[in-house]
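In what follows, a single structure is set out as structure tokens and then discussed.
All of the numbers you see were taken from the coordinates with simple rules; none came from a lab. None of these values were measured; they are calculated from a predicted model. Glycine also receives a Cβ, built like all others from the backbone with ideal geometry; neighbour counts cover every protein chain displayed.
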Amino acid sequence: MQLIVDALDDRRAVNIAVLDLKSASETLDYFIVATGESSVQLRAMEERVRERLKEAGVSPKGVEGPSTRWILLDYGFIVVHVMSPEARDFYDLEGLWADAERVEVTPTPLPS
């Protein structure tokens, strides 16, 4: 999970949220939701997550997109949603999964 948060932060994702779905879903452990301010940034965020996880030996089970509004990366028990501000507001995943616990995440600082 931290690897994904760090990858999103590498590409300046806005408002990264991690939702713990273990008590609300039998098939998912976490949703990670992040906002990108342009379609170019959304694509860069997707590519960075895929690169970082591939380096760790993990490949997505599925990818929906690319889209100018929403890219979904399915890693089995973790699903990453990279969304435009409009799509995030419209679909309101955090509201839809309001029963899920929000996990506090802090990107790992880069070495100086």
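With n ≥ 4 as the cut-off for DSSP H runs, can you work out [θ] at 222 nm for the chain, using -39500 (n - 2.57) per run divided by the number of residues, rounded to the nearest 500?
-9500 deg cm²/dmol
Among 14-26, 81-93, how do they line up by average Cβ neighbours within 10 Å per residue, starting with the highest?
Values: 14-26: 15.4, 81-93: 17.5.
Going from most to least packed, we get 81-93, 14-26.
Quick one: 3J(HN,Hα) in Hz for the stretch 53-65, Karplus 6.51/-1.76/1.60 with θ = phi - 60°, rounded, Gly and Pro as x.
My calculation for the stretch 53-65 gives 6, 4, 4, 8, x, 10, 10, x, 6, x, 9, 10, x Hz in order.
May I have the convex hull volume per residue, in Å³, for the Cα set of the chain?
Once divided by residue count, the hull of the chain is 98 Å³.
Kindly write out, for the stretch 31-42 in residue order, the coupling ³J(HN,Hα) from the Karplus curve 6.51 cos²θ - 1.76 cosθ + 1.60 (θ = phi - 60°), rounded to whole Hz, with x marking Gly and Pro.
10, 10, 10, 9, 10, x, 8, 8, 5, 5, 5, 4
Can you list the trypsin sites (Lys or Arg not before Pro) in the stretch 23-64 that are in a DSSP coil and have 13 or fewer other beta carbons within 10 angstrom?
Lys61
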